[in-house]
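Asks: The structure follows.
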Amino acid sequence: MLSLWKVSKTSGVFEHTKNSLLEFFSVCKSFGGVKAVDGCTFSVGNNTITSLIGPNGAGKTTIFNIISGLTKPDYGKIKLLDSEITGLPAYKIAQAGISRTFQLTKVFRNMTIRDNLLIAKKASDGEMKSALARVHLHKPLDMAAGELSYGQQRLLEIARAVLREHKLLALDEPTAGVNPQIRQELKAILRGLKEKGNTVLLIEHDMEFVMNISDEVIVLNEGRVLKRGKPQDIVKDKEVLEAYLGK
Amino acid sequence: MIHEFFIQDFTWFFIYLIIVLSFNLAFGFTGMVNLGHMVSVGIGAYTSALLTLNGVPWYIALLAAGIIACVIGTIIAAITVRLKGDYFQIVTLGLIFIAIAVSRNWISLTRGALGLPGVPDIIRSNFYYMLFTMVLSLMALWFVYWLTNSETGKIFQAIRDDETATAILGKNTYFYKVLSLAISTFLAGIAGGLMVHQINFVDPSIFDLEQFIIILFMLIVGGLASIKGSILGVFLLFALIDLLRFLVVRPELIGPVRQMALLLILLLVLIYRPKGIFGKVDI
């Protein structure tokens, strides 16, 4: 096992952990003069639900884009288990085992549900139906993805990400724009995924959702890790409250 | 026996069908608006013309037409497919002007604006040549149908809908885009070869934008990402041209009336069927 690191809640230094799946070490990314990610370091434990939270512009989506290969970091290292994935193209990172969804859903609108899932994995109809059932999406496989409601498209995107062979499931604001019923379903889905051994990294603005399902919460501010800990500790933390609400 | 007029008409129909199908593969199915598609047709035409004029058997020349168009298309694709949207279109549009400049100025090879006359027939009988083009267009139809329903074809369509999402699902989108253009230019090259043996002549006008507009009309009217649409688009254009030939009494009016009719049909289709008649995706 590689040497993996974890930020101490008390000292802010990196602690070695043995069960980390993803290691994000000293990563920097600037866009022009703006430092979107500024020496950010954290790790994601195996078989956990870890949430990345922070105010707008904290660097959450940039971190997701770096992890999934859509954005190349200026500096730093990212490791997925034994393999360094820093700067690899998106498709290679996906092949290495990172499956993700997007803040704005990215389903193939002109293709059927079956074809959407087929791009993720060459699966049988039975496998596809059970993948859809896992996310409580009961629609015919031949239906065009573009005909689904926004919330259903989000579920399809999650089903597609889950269907792929993956080590880490990265979900970018899965509850954004979905109705409260689907939001509740998503909680159950994520818990179910964790029970089945999945590791989930989540960006989410819905604090109730985050505090309810996360094993660990990483708070980002101005491209840096501000705090990391259990949801019940994070929710009471003074620095976190200041970052969100101001002094 | 079929009337000579229809033999010629059907021959052109089958040749244009291959061109439109190959354009549909890149544009309709993969989302790459290759404005320089007629460059591949022209390369195929010049290749087959030059080879057969130098004594190479027609079947080798025709195959070479596809291969040379494909090789050049693949090299261009390998350089340009990383460009997104409008940038890709601008570069491919520029290829038309490069092709025209090269074919006009590389006189030792192409005879410039004089063109290459006397390109030999593949088959002397026009009727059998029509059957030959029909067989090749049916093969192209079957191949495009098979390809677009295969896993590779689904990946092409996924790239068209959302390239980032396709990459995130572990597909090397660069490879598949180059592959799509390589296949598209190969088929276009074959069609160019068939074209030059039909008219026994080729000159730089084969690269003209006007030729491309006709292909674009056929594809848009029939509909993107639809094989049925490609067949219908080509058929409609030929039907319209023939109809006007009989309806318009004064010969000097045929050209302008044809252009106006094409524009009118295009407008009506875009207003009432924005995806084209059988189209599956937005233009």
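Asks: I want to confirm something. Restricting to segment A:58-70 and keeping residues that are more than 9 Å from A:VAL37 (Cβ to Cβ) and not aromatic (Phe, Trp, Tyr), which single residue is farthest from the other protein chains (Cβ to nearest Cβ)?
Replies: A:ALA58
Asks: Let me confirm something: among B:VAL144, B:VAL102, which residue is surrounded by 15 or more Cβ atoms within 10 Å (Cβ to Cβ), away from every other protein chain (no Cβ under 14 Å) and more than 17 Å from the chain's Cα centre (by Cα)?
Replies: Testing whether each residue is surrounded by 15 or more Cβ atoms within 10 Å (Cβ to Cβ), away from every other protein chain (no Cβ under 14 Å) and more than 17 Å from the chain's Cα centre (by Cα) leaves just B:VAL102.
Asks: Looking at segment A:90-116, which of its residues are facing chain B (nearest Cβ under 7 Å) and out of contact with any helix residue (DSSP H, G or I) (no Cβ under 7 Å at 6 or more places or on another chain)?
Replies: Filtering segment A:90-116 down to residues facing chain B (nearest Cβ under 7 Å) leaves A:90-91, A:94-95, A:100, A:106, A:108-111, A:115.
Hit for segment A:90-116 is A:GLN95, nothing else.
Asks: Same structure, new question: Can you name every one of the helices (runs of 4 or more DSSP H) wholly within segment B:122-202 that holds 2 or more residues which are over 27 Å from A:LYS106 (Cα atoms) and in contact with a Gly (Cβ under 9 Å, 6 or more places away or on another chain)? Break it down stepwise before answering.
Replies: Working: elements: B:126-149, B:151-161, B:163-168, B:173-199.
Output list reads B:173-199.
Asks: Is at least one residue of segment B:240-262 crowded, with 17+ Cβ neighbours inside 10 Å and among the β-branched types (Val, Ile, Thr)?
Replies: Taking every residue of segment B:240-262 in turn, none turns out to be crowded, with 17+ Cβ neighbours inside 10 Å and among the β-branched types (Val, Ile, Thr).
Asks: Which ones in segment B:161-172 are buried (at least 22 other Cβ atoms within 10 Å of the Cβ) and either under 22 Å from B:ILE72 (Cβ atoms) or polar (S, T, N, Q) (or both)?
Replies: B:THR166
Asks: All but one of (1) assigned to a helix (DSSP H, G or I); (2) facing chain B (nearest Cβ under 10 Å); (3) under 14 Å from the mean Cα position of the chain (by Cα) hold for A:LYS194; state the number of the condition that does not hold.
Replies: With respect to (1) assigned to a helix (DSSP H, G or I); (2) facing chain B (nearest Cβ under 10 Å); (3) under 14 Å from the mean Cα position of the chain (by Cα), A:LYS194 is out only on (2).
Asks: If you go through segment A:145-165 one residue at a time, do you hit one that is in contact (Cβ under 8 Å) with a residue 12 or more places away in the chain, part of a loop (DSSP other than H, G, I, E, B), within 14 Å of chain B (Cβ to nearest Cβ) and under 17 Å from the mean Cα position of the chain (by Cα)?
Replies: For segment A:145-165, residues in contact (Cβ under 8 Å) with a residue 12 or more places away in the chain, part of a loop (DSSP other than H, G, I, E, B), within 14 Å of chain B (Cβ to nearest Cβ) and under 17 Å from the mean Cα position of the chain (by Cα): present.
No lab work stands behind these numbers, since they all come straight from the coordinates. Since the model is a prediction, treat every value here as computed from it, not as a measurement. Quick reminder, even Gly has a Cβ in these numbers, built from the backbone with ideal geometry, and neighbours come from all protein chains shown.
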